[in-house]
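Quick notes on the structure that follows.
The values are calculated or read from the model by the stated rules, or taken from the named source; none is laboratory data. Quick caveat: nothing in here was measured; it's all calculated off a predicted structure. Positions of Cβ are generated from backbone atoms using ideal geometry, with glycine treated the same way; all protein chains shown enter the neighbour counts. Note: areas computed on protein heavy atoms with side chains; ligands, DNA, RNA excluded. Shrake-Rupley method; radii C 1.70, N 1.55, O 1.52, S 1.80 Å.
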Amino acid sequence: MIRYAIAFVFVLALAGQNPSGANYDEAKAGGEDLPGLLQFADGSPVKTADQWRKRRRPEILALFEKHVYGRTPAARRIEYEVTSSQEALGGLARRKQVTIWTAGRKAPAMHLLLYLPRESSKPVPAFLGLNFNGNHAVHTDPGIVLSGNWMRPGKGVVEHRATEASRGSESSRWPVETILRRGYALATVYYGDLFPDHKDGLPDSIIPAVSGGVARESDSWNAIGAWAYGLSRALDYLEKERAIDAKHVAVIGHSRLGKAALWAGAQDTRFALVISNNSGEGGAALARRNFGETTARINTAFPHWFAASFQNYNGRPEQLPVDQHMLLALAAPRPVYVASAQEDLWADPRGEFLSAQAADPVYRLLGVEGLPVSQMPRIHEPAMGRVGYHIREGKHDVTDYDWEQFLNFADKSWGKPQ
Ligand code: GTR
(Lines give C-alpha, C1' and ligand atoms only; values in the text may rest on other atoms or scores of the structure.)
Protein backbone atom coordinates (compact mmCIF):
# COMPACT_ATOMS: atom_id res chain seq x y z
CA MET A 1 0.00 0.00 0.00
CA ILE A 2 2.78 2.43 0.95
CA ARG A 3 4.68 1.42 -2.17
CA TYR A 4 1.57 2.12 -4.18
CA ALA A 5 1.08 5.52 -2.56
CA ILE A 6 4.69 6.50 -3.23
CA ALA A 7 4.43 5.40 -6.85
CA PHE A 8 1.24 7.35 -7.17
CA VAL A 9 2.73 10.63 -5.93
CA PHE A 10 5.75 9.99 -8.12
CA VAL A 11 3.55 9.63 -11.20
CA LEU A 12 1.88 12.93 -10.45
CA ALA A 13 5.22 14.61 -9.91
CA LEU A 14 6.36 13.26 -13.28
CA ALA A 15 3.31 14.69 -14.95
CA GLY A 16 4.45 18.03 -13.54
CA GLN A 17 1.28 18.46 -11.57
CA ASN A 18 0.52 19.23 -7.98
CA PRO A 19 -1.67 16.37 -6.76
CA SER A 20 -3.65 18.60 -4.39
CA GLY A 21 -7.10 19.38 -5.63
CA ALA A 22 -7.41 16.53 -8.10
CA ASN A 23 -9.99 13.86 -7.34
CA TYR A 24 -8.92 10.22 -7.18
CA ASP A 25 -12.01 8.82 -5.54
CA GLU A 26 -13.95 6.68 -8.02
CA ALA A 27 -17.15 7.22 -6.02
CA LYS A 28 -16.89 10.95 -6.72
CA ALA A 29 -15.90 10.73 -10.39
CA GLY A 30 -19.41 10.98 -11.87
CA GLY A 31 -19.65 11.54 -15.60
CA GLU A 32 -22.18 8.78 -16.34
CA ASP A 33 -24.46 11.09 -18.26
CA LEU A 34 -22.86 11.33 -21.70
CA PRO A 35 -24.14 13.23 -24.73
CA GLY A 36 -25.93 10.87 -27.12
CA LEU A 37 -23.62 9.52 -29.75
CA LEU A 38 -26.42 8.08 -31.84
CA GLN A 39 -28.74 11.01 -31.44
CA PHE A 40 -28.93 14.07 -33.67
CA ALA A 41 -28.62 17.53 -32.12
CA ASP A 42 -32.45 17.82 -32.24
CA GLY A 43 -32.80 14.65 -30.15
CA SER A 44 -34.00 12.30 -32.89
CA PRO A 45 -32.23 8.93 -33.10
CA VAL A 46 -29.56 7.96 -35.63
CA LYS A 47 -30.91 4.71 -37.00
CA THR A 48 -28.83 3.76 -40.02
CA ALA A 49 -25.17 3.56 -41.01
CA ASP A 50 -25.93 6.02 -43.76
CA GLN A 51 -27.35 8.57 -41.32
CA TRP A 52 -24.23 8.20 -39.22
CA ARG A 53 -21.87 8.68 -42.17
CA LYS A 54 -23.69 11.50 -43.90
CA ARG A 55 -25.10 13.52 -41.03
CA ARG A 56 -24.12 12.59 -37.48
CA ARG A 57 -20.41 12.07 -38.10
CA PRO A 58 -19.92 15.50 -39.78
CA GLU A 59 -22.05 17.09 -37.05
CA ILE A 60 -19.79 15.66 -34.31
CA LEU A 61 -16.60 16.57 -36.15
CA ALA A 62 -17.81 20.17 -36.43
CA LEU A 63 -18.57 20.24 -32.69
CA PHE A 64 -15.02 19.12 -31.85
CA GLU A 65 -13.66 21.84 -34.14
CA LYS A 66 -15.83 24.51 -32.60
CA HIS A 67 -15.57 23.63 -28.93
CA VAL A 68 -12.39 21.62 -28.39
CA TYR A 69 -9.50 21.53 -30.87
CA GLY A 70 -10.28 24.38 -33.27
CA ARG A 71 -10.72 24.39 -37.03
CA THR A 72 -8.05 23.02 -39.31
CA PRO A 73 -7.64 25.00 -42.55
CA ALA A 74 -7.78 23.19 -45.89
CA ALA A 75 -4.55 21.34 -46.58
CA ARG A 76 -1.99 22.80 -48.92
CA ARG A 77 0.04 20.60 -51.19
CA ILE A 78 3.30 19.53 -49.56
CA GLU A 79 6.72 20.01 -51.06
CA TYR A 80 9.45 17.61 -50.01
CA GLU A 81 13.04 16.59 -50.47
CA VAL A 82 14.56 13.25 -49.58
CA THR A 83 17.80 14.35 -47.93
CA SER A 84 19.25 10.89 -47.30
CA SER A 85 18.47 7.25 -48.02
CA GLN A 86 20.87 4.70 -46.59
CA GLU A 87 21.17 1.22 -45.21
CA ALA A 88 21.03 1.37 -41.42
CA LEU A 89 20.83 -0.62 -38.18
CA GLY A 90 23.40 -3.19 -39.29
CA GLY A 91 21.52 -4.00 -42.49
CA LEU A 92 18.10 -4.46 -40.87
CA ALA A 93 16.70 -1.23 -42.30
CA ARG A 94 16.78 1.44 -44.90
CA ARG A 95 16.76 4.86 -43.24
CA LYS A 96 15.29 7.74 -45.16
CA GLN A 97 15.17 11.33 -44.00
CA VAL A 98 12.81 13.70 -45.71
CA THR A 99 12.27 17.44 -45.34
CA ILE A 100 8.62 18.34 -45.83
CA TRP A 101 7.22 21.85 -46.24
CA THR A 102 3.55 22.09 -45.40
CA ALA A 103 3.02 25.70 -46.49
CA GLY A 104 5.75 26.71 -48.89
CA ARG A 105 9.50 26.85 -48.37
CA LYS A 106 9.45 30.01 -46.28
CA ALA A 107 7.36 28.36 -43.57
CA PRO A 108 8.93 26.03 -40.98
CA ALA A 109 9.75 22.60 -42.42
CA MET A 110 9.18 19.28 -40.73
CA HIS A 111 11.71 16.48 -40.83
CA LEU A 112 10.49 12.94 -41.27
CA LEU A 113 12.55 9.95 -40.27
CA LEU A 114 11.52 6.72 -41.97
CA TYR A 115 12.82 3.23 -41.25
CA LEU A 116 11.85 0.61 -43.80
CA PRO A 117 12.42 -3.11 -43.29
CA ARG A 118 15.26 -3.98 -45.68
CA GLU A 119 13.97 -7.33 -46.78
CA SER A 120 10.51 -6.54 -48.00
CA SER A 121 9.89 -6.73 -51.73
CA LYS A 122 6.33 -5.41 -51.38
CA PRO A 123 5.07 -2.07 -50.03
CA VAL A 124 4.81 -2.36 -46.25
CA PRO A 125 2.29 -1.11 -43.70
CA ALA A 126 3.58 1.56 -41.33
CA PHE A 127 3.23 3.19 -37.95
CA LEU A 128 3.40 6.97 -37.96
CA GLY A 129 3.78 9.02 -34.79
CA LEU A 130 5.21 12.26 -33.52
CA ASN A 131 8.08 12.20 -31.04
CA PHE A 132 8.81 14.48 -28.05
CA ASN A 133 12.58 14.94 -28.20
CA GLY A 134 13.64 15.03 -31.84
CA ASN A 135 14.08 12.24 -34.40
CA HIS A 136 17.61 11.69 -33.10
CA ALA A 137 16.13 10.79 -29.69
CA VAL A 138 14.17 7.85 -31.13
CA HIS A 139 17.29 5.71 -31.68
CA THR A 140 21.04 5.98 -31.08
CA ASP A 141 21.60 5.45 -34.84
CA PRO A 142 24.33 8.08 -35.52
CA GLY A 143 22.99 8.73 -39.02
CA ILE A 144 19.89 10.54 -37.75
CA VAL A 145 20.15 14.30 -38.18
CA LEU A 146 20.20 16.11 -34.83
CA SER A 147 17.22 18.45 -34.54
CA GLY A 148 18.13 22.14 -34.34
CA ASN A 149 14.70 23.23 -33.13
CA TRP A 150 13.49 24.38 -29.73
CA MET A 151 13.26 21.52 -27.20
CA ARG A 152 11.74 21.14 -23.79
CA PRO A 153 14.32 20.51 -21.04
CA GLY A 154 15.51 16.90 -21.06
CA LYS A 155 18.52 14.62 -21.31
CA GLY A 156 21.26 16.23 -23.37
CA VAL A 157 19.21 19.37 -24.01
CA VAL A 158 21.08 22.60 -23.24
CA GLU A 159 19.24 25.91 -23.31
CA HIS A 160 16.40 24.36 -25.27
CA ARG A 161 18.69 22.91 -27.96
CA ALA A 162 19.55 19.25 -28.49
CA THR A 163 23.18 18.17 -28.13
CA GLU A 164 24.85 14.89 -29.17
CA ALA A 165 24.19 13.66 -25.62
CA SER A 166 20.48 13.54 -26.35
CA ARG A 167 20.77 10.85 -29.04
CA GLY A 168 18.51 7.95 -28.16
CA SER A 169 17.06 9.69 -25.10
CA GLU A 170 13.52 8.60 -26.09
CA SER A 171 14.52 5.20 -27.51
CA SER A 172 12.79 3.14 -24.81
CA ARG A 173 9.51 4.34 -26.33
CA TRP A 174 10.40 3.32 -29.90
CA PRO A 175 11.35 -0.36 -30.29
CA VAL A 176 12.48 0.26 -33.86
CA GLU A 177 14.07 -3.16 -34.47
CA THR A 178 11.00 -5.02 -33.17
CA ILE A 179 8.68 -2.99 -35.40
CA LEU A 180 10.87 -3.67 -38.45
CA ARG A 181 11.23 -7.39 -37.69
CA ARG A 182 7.46 -7.66 -37.50
CA GLY A 183 7.31 -6.32 -41.07
CA TYR A 184 6.24 -2.72 -40.44
CA ALA A 185 7.90 0.55 -41.32
CA LEU A 186 8.18 3.35 -38.76
CA ALA A 187 7.82 7.02 -39.62
CA THR A 188 8.27 9.79 -37.07
CA VAL A 189 8.49 13.57 -36.91
CA TYR A 190 9.54 15.84 -34.04
CA TYR A 191 6.40 17.57 -32.77
CA GLY A 192 8.30 20.80 -32.15
CA ASP A 193 8.81 21.14 -35.92
CA LEU A 194 5.08 21.87 -36.10
CA PHE A 195 4.39 23.80 -32.91
CA PRO A 196 7.03 24.42 -30.21
CA ASP A 197 5.32 23.14 -27.06
CA HIS A 198 5.15 26.25 -24.88
CA LYS A 199 2.57 28.95 -24.39
CA ASP A 200 4.33 31.39 -26.72
CA GLY A 201 4.98 28.82 -29.44
CA LEU A 202 2.36 30.04 -31.92
CA PRO A 203 4.49 32.51 -33.96
CA ASP A 204 7.15 29.84 -34.52
CA SER A 205 4.61 27.18 -35.44
CA ILE A 206 3.29 26.27 -38.89
CA ILE A 207 -0.03 27.96 -38.04
CA PRO A 208 0.66 31.51 -39.36
CA ALA A 209 1.86 30.17 -42.71
CA VAL A 210 -0.87 27.55 -43.13
CA SER A 211 -3.63 29.91 -41.97
CA GLY A 212 -2.24 32.85 -43.95
CA GLY A 213 -1.89 35.07 -40.89
CA VAL A 214 -2.09 35.19 -37.13
CA ALA A 215 -5.67 36.45 -36.65
CA ARG A 216 -7.24 34.41 -33.86
CA GLU A 217 -10.87 33.43 -33.31
CA SER A 218 -12.38 31.45 -30.46
CA ASP A 219 -12.31 28.34 -32.68
CA SER A 220 -8.86 28.86 -34.18
CA TRP A 221 -6.63 25.81 -34.16
CA ASN A 222 -3.76 25.55 -31.75
CA ALA A 223 -0.91 23.16 -30.90
CA ILE A 224 -2.92 19.91 -30.98
CA GLY A 225 -4.45 20.99 -34.28
CA ALA A 226 -1.02 21.76 -35.72
CA TRP A 227 0.41 18.43 -34.55
CA ALA A 228 -2.52 16.58 -36.11
CA TYR A 229 -2.12 18.57 -39.31
CA GLY A 230 1.55 17.55 -39.45
CA LEU A 231 0.56 13.89 -39.14
CA SER A 232 -1.72 14.23 -42.15
CA ARG A 233 0.97 15.97 -44.18
CA ALA A 234 3.41 13.19 -43.23
CA LEU A 235 0.82 10.77 -44.61
CA ASP A 236 0.71 12.85 -47.83
CA TYR A 237 4.40 12.06 -48.18
CA LEU A 238 3.98 8.37 -47.30
CA GLU A 239 1.39 8.13 -50.09
CA LYS A 240 4.14 9.10 -52.49
CA GLU A 241 6.66 6.69 -51.03
CA ARG A 242 6.62 3.51 -53.11
CA ALA A 243 7.98 1.30 -50.36
CA ILE A 244 4.93 2.12 -48.17
CA ASP A 245 1.48 0.62 -48.37
CA ALA A 246 -0.27 3.92 -47.61
CA LYS A 247 -3.65 2.22 -47.25
CA HIS A 248 -2.28 0.66 -44.07
CA VAL A 249 -0.79 3.43 -42.02
CA ALA A 250 -1.52 3.48 -38.28
CA VAL A 251 -1.34 6.82 -36.52
CA ILE A 252 -0.02 6.53 -32.98
CA GLY A 253 0.73 8.91 -30.14
CA HIS A 254 1.54 9.00 -26.45
CA SER A 255 0.00 11.41 -23.96
CA ARG A 256 -0.42 14.89 -25.51
CA LEU A 257 0.66 13.30 -28.78
CA GLY A 258 -2.01 10.65 -28.24
CA LYS A 259 -4.54 13.47 -28.17
CA ALA A 260 -3.05 14.69 -31.46
CA ALA A 261 -3.14 11.17 -32.97
CA LEU A 262 -6.83 10.78 -32.10
CA TRP A 263 -7.64 14.18 -33.56
CA ALA A 264 -5.66 13.34 -36.72
CA GLY A 265 -7.43 9.99 -37.04
CA ALA A 266 -10.82 11.65 -36.56
CA GLN A 267 -10.29 14.25 -39.27
CA ASP A 268 -8.30 12.24 -41.78
CA THR A 269 -9.96 8.97 -42.70
CA ARG A 270 -6.92 7.89 -44.71
CA PHE A 271 -5.41 6.76 -41.41
CA ALA A 272 -6.36 3.10 -41.43
CA LEU A 273 -5.85 2.54 -37.71
CA VAL A 274 -5.69 4.88 -34.73
CA ILE A 275 -3.78 4.32 -31.48
CA SER A 276 -3.95 6.33 -28.29
CA ASN A 277 -1.40 5.62 -25.58
CA ASN A 278 -2.13 7.18 -22.16
CA SER A 279 -3.74 10.17 -23.87
CA GLY A 280 -5.98 11.05 -20.91
CA GLU A 281 -7.79 14.37 -20.66
CA GLY A 282 -8.54 15.88 -24.07
CA GLY A 283 -7.64 12.47 -25.54
CA ALA A 284 -9.37 9.18 -24.86
CA ALA A 285 -10.55 9.91 -21.29
CA LEU A 286 -14.09 11.14 -20.70
CA ALA A 287 -14.10 14.87 -19.89
CA ARG A 288 -17.24 14.62 -17.76
CA ARG A 289 -15.53 12.39 -15.22
CA ASN A 290 -13.86 14.30 -12.46
CA PHE A 291 -10.87 12.00 -11.97
CA GLY A 292 -7.23 13.07 -12.28
CA GLU A 293 -6.71 15.87 -14.79
CA THR A 294 -9.74 18.04 -15.59
CA THR A 295 -10.66 20.40 -18.41
CA ALA A 296 -9.90 23.37 -16.14
CA ARG A 297 -6.47 22.00 -15.20
CA ILE A 298 -5.41 21.18 -18.73
CA ASN A 299 -6.53 24.53 -20.13
CA THR A 300 -4.72 26.37 -17.35
CA ALA A 301 -1.47 24.44 -17.59
CA PHE A 302 -1.44 24.26 -21.40
CA PRO A 303 -3.39 27.23 -22.81
CA HIS A 304 -1.75 26.72 -26.21
CA TRP A 305 -3.03 23.19 -26.84
CA PHE A 306 -6.75 23.61 -27.54
CA ALA A 307 -9.01 26.23 -29.14
CA ALA A 308 -9.74 29.24 -26.91
CA SER A 309 -13.41 28.17 -26.89
CA PHE A 310 -12.51 25.05 -24.89
CA GLN A 311 -11.78 27.33 -21.92
CA ASN A 312 -15.53 28.01 -21.70
CA TYR A 313 -15.92 24.54 -20.22
CA ASN A 314 -13.41 24.93 -17.40
CA GLY A 315 -15.22 23.66 -14.31
CA ARG A 316 -18.31 22.72 -16.31
CA PRO A 317 -17.45 19.88 -18.70
CA GLU A 318 -21.06 18.67 -18.49
CA GLN A 319 -21.93 21.66 -20.71
CA LEU A 320 -19.73 20.40 -23.55
CA PRO A 321 -21.85 19.26 -26.50
CA VAL A 322 -19.40 16.38 -27.00
CA ASP A 323 -17.40 13.98 -24.88
CA GLN A 324 -14.35 11.97 -25.80
CA HIS A 325 -16.13 8.71 -26.67
CA MET A 326 -17.41 10.68 -29.67
CA LEU A 327 -13.84 11.39 -30.74
CA LEU A 328 -13.05 7.66 -30.65
CA ALA A 329 -16.24 6.95 -32.59
CA LEU A 330 -15.09 9.27 -35.38
CA ALA A 331 -12.51 6.59 -36.19
CA ALA A 332 -15.28 4.04 -36.92
CA PRO A 333 -15.37 1.68 -38.68
CA ARG A 334 -11.56 1.82 -38.72
CA PRO A 335 -9.79 0.01 -35.88
CA VAL A 336 -9.07 2.16 -32.85
CA TYR A 337 -6.97 1.16 -29.83
CA VAL A 338 -6.80 2.75 -26.39
CA ALA A 339 -3.95 1.90 -24.00
CA SER A 340 -3.86 2.85 -20.32
CA ALA A 341 -1.37 2.36 -17.49
CA GLN A 342 -2.30 1.36 -13.97
CA GLU A 343 -0.31 4.08 -12.20
CA ASP A 344 -1.22 6.76 -14.72
CA LEU A 345 -4.17 7.96 -12.65
CA TRP A 346 -3.73 11.53 -13.88
CA ALA A 347 -4.92 10.22 -17.29
CA ASP A 348 -7.89 8.37 -15.72
CA PRO A 349 -7.50 4.79 -17.02
CA ARG A 350 -11.11 3.91 -16.20
CA GLY A 351 -12.31 7.02 -18.02
CA GLU A 352 -10.28 5.89 -21.05
CA PHE A 353 -11.89 2.46 -20.93
CA LEU A 354 -15.43 3.80 -20.49
CA SER A 355 -14.88 6.07 -23.45
CA ALA A 356 -13.82 3.14 -25.67
CA GLN A 357 -16.82 1.21 -24.43
CA ALA A 358 -19.19 4.11 -25.14
CA ALA A 359 -17.86 4.36 -28.73
CA ASP A 360 -18.81 0.72 -29.37
CA PRO A 361 -22.44 1.32 -30.56
CA VAL A 362 -21.23 3.20 -33.64
CA TYR A 363 -19.08 0.24 -34.66
CA ARG A 364 -22.07 -2.06 -34.20
CA LEU A 365 -24.30 0.26 -36.21
CA LEU A 366 -21.73 0.15 -39.01
CA GLY A 367 -21.90 -3.63 -38.93
CA VAL A 368 -18.52 -4.47 -37.42
CA GLU A 369 -17.37 -5.76 -34.06
CA GLY A 370 -16.81 -3.08 -31.45
CA LEU A 371 -15.16 -3.67 -28.09
CA PRO A 372 -15.41 -7.39 -27.27
CA VAL A 373 -15.71 -7.02 -23.47
CA SER A 374 -18.38 -5.57 -21.21
CA GLN A 375 -16.16 -5.05 -18.15
CA MET A 376 -12.88 -3.21 -17.84
CA PRO A 377 -10.17 -5.80 -18.59
CA ARG A 378 -7.70 -6.76 -15.90
CA ILE A 379 -4.04 -5.78 -16.09
CA HIS A 380 -2.31 -7.38 -19.09
CA GLU A 381 -5.48 -8.82 -20.58
CA PRO A 382 -5.86 -6.88 -23.82
CA ALA A 383 -9.27 -6.88 -25.51
CA MET A 384 -9.19 -6.63 -29.29
CA GLY A 385 -12.18 -6.23 -31.58
CA ARG A 386 -12.35 -3.28 -33.99
CA VAL A 387 -12.07 -1.33 -30.77
CA GLY A 388 -9.17 -2.46 -28.61
CA TYR A 389 -8.13 -1.68 -25.06
CA HIS A 390 -5.49 -2.68 -22.57
CA ILE A 391 -4.23 -1.57 -19.22
CA ARG A 392 -0.73 -2.54 -18.16
CA GLU A 393 1.12 -2.20 -14.90
CA GLY A 394 3.42 0.77 -14.43
CA LYS A 395 3.50 4.45 -15.06
CA HIS A 396 2.73 7.02 -17.73
CA ASP A 397 4.97 5.89 -20.61
CA VAL A 398 5.15 3.82 -23.79
CA THR A 399 6.71 0.43 -23.16
CA ASP A 400 7.63 -2.68 -25.13
CA TYR A 401 4.48 -4.26 -23.74
CA ASP A 402 2.36 -1.49 -25.28
CA TRP A 403 4.06 -1.88 -28.65
CA GLU A 404 3.61 -5.64 -28.60
CA GLN A 405 -0.15 -5.08 -28.30
CA PHE A 406 -0.17 -2.39 -31.02
CA LEU A 407 1.68 -4.76 -33.37
CA ASN A 408 -0.70 -7.60 -32.50
CA PHE A 409 -3.67 -5.32 -33.07
CA ALA A 410 -2.36 -4.24 -36.48
CA ASP A 411 -1.68 -7.90 -37.39
CA LYS A 412 -5.20 -8.81 -36.30
CA SER A 413 -6.79 -5.91 -38.18
CA TRP A 414 -4.83 -6.20 -41.43
CA GLY A 415 -3.23 -9.64 -41.40
CA LYS A 416 0.46 -10.12 -40.73
CA PRO A 417 2.73 -8.30 -43.18
CA GLN A 418 4.16 -10.76 -45.74
C1 GTR B 1 0.75 16.25 -18.61
C2 GTR B 1 -0.62 16.65 -19.06
C3 GTR B 1 -1.30 15.48 -19.69
C4 GTR B 1 -0.41 14.76 -20.67
C5 GTR B 1 1.05 14.75 -20.30
C6 GTR B 1 2.06 14.45 -21.40
O7 GTR B 1 1.42 17.19 -17.90
O8 GTR B 1 -1.31 17.11 -17.93
O9 GTR B 1 -2.51 15.89 -20.26
O10 GTR B 1 -0.58 15.28 -21.95
O11 GTR B 1 1.46 15.94 -19.77
O12 GTR B 1 1.87 14.82 -22.55
O13 GTR B 1 3.09 13.87 -21.07
task = Look through segment 1-43, keep the residues that are loosely packed, with under 10 Cβ neighbours inside 10 Å and among the small types (G, A, S), and return whichever of them is modelled with the highest pLDDT.
result = A27
query = When only residues in segment 333-347 that are part of a loop (DSSP other than H, G, I, E, B) and touching a residue at least 60 places away in the same chain (Cβ under 8 Å) count, which is farthest from Q267 (Cα to Cα)?
reply = E343
key: segment 350-372 - residue that is of a type in the set (A, V, I, L, M, F, W, C) and surrounded by 19 or more Cβ atoms within 10 Å (Cβ to Cβ) and, of those, nearest to V387 (Cα to Cα)   = L371
task = For residues that are closer than 16 Å to A260 by Cα and in a helix (DSSP H, G or I), tally how many sit in segment 203-230.
result = 9
task = Mind counting the residues in segment 81-107 that are surrounded by 19 or more Cβ atoms within 10 Å (Cβ to Cβ) and touching a helix residue (DSSP H, G or I) at 6+ places or on another chain (Cβ under 8 Å)?
result = 6
query = without any contact (Cβ under 8 Å) to a residue 40 or more places away in the chain and crowded, with 24+ Cβ neighbours inside 10 Å - does that describe any residue in segment 226-237?
reply = yes
ask   = Is it the case that some residue within segment 292-299 is within 15 Å of the ligand (Cβ to nearest atom), touching an Asp or Glu at 6+ places or on another chain (Cβ under 6 Å) and farther than 20 Å from L202 by Cα?
value = yes
request  = Among the residues of segment 373-400, write down those that are outside any loop (DSSP other than H, G, I, E, B) and crowded, with 16+ Cβ neighbours inside 10 Å.
outcome  = A383, M384, V387, G388, Y389, H390, I391, R392
inquiry  = Between S220, S211, which is more than 24 Å from W403 (Cβ to Cβ), open to solvent by 20 Å² or more (accessible area, probe 1.4 Å) and either within 11 Å of the ligand (Cβ to nearest atom) or in contact (Cβ under 8 Å) with a residue 60 or more places away in the chain (or both)?
reply    = S211
task = Within segment 238-262, count every residue that is open to solvent by less than 10 Å² (accessible area, probe 1.4 Å), part of a helix (DSSP H, G or I) and away from the ligand (no atom under 13 Å from the Cβ).
result = 1
ask   = If you check every pair at least six apart or on different chains, which have Cβ atoms under 6 Å apart with a residue in segment 247-276 that is farther than 15 Å from F127 by Cα first and a residue that is assigned to a loop (DSSP other than H, G, I, E, B) second?
value = S255/N278; K259/S279; K259/G282; K259/G283; A266/L330
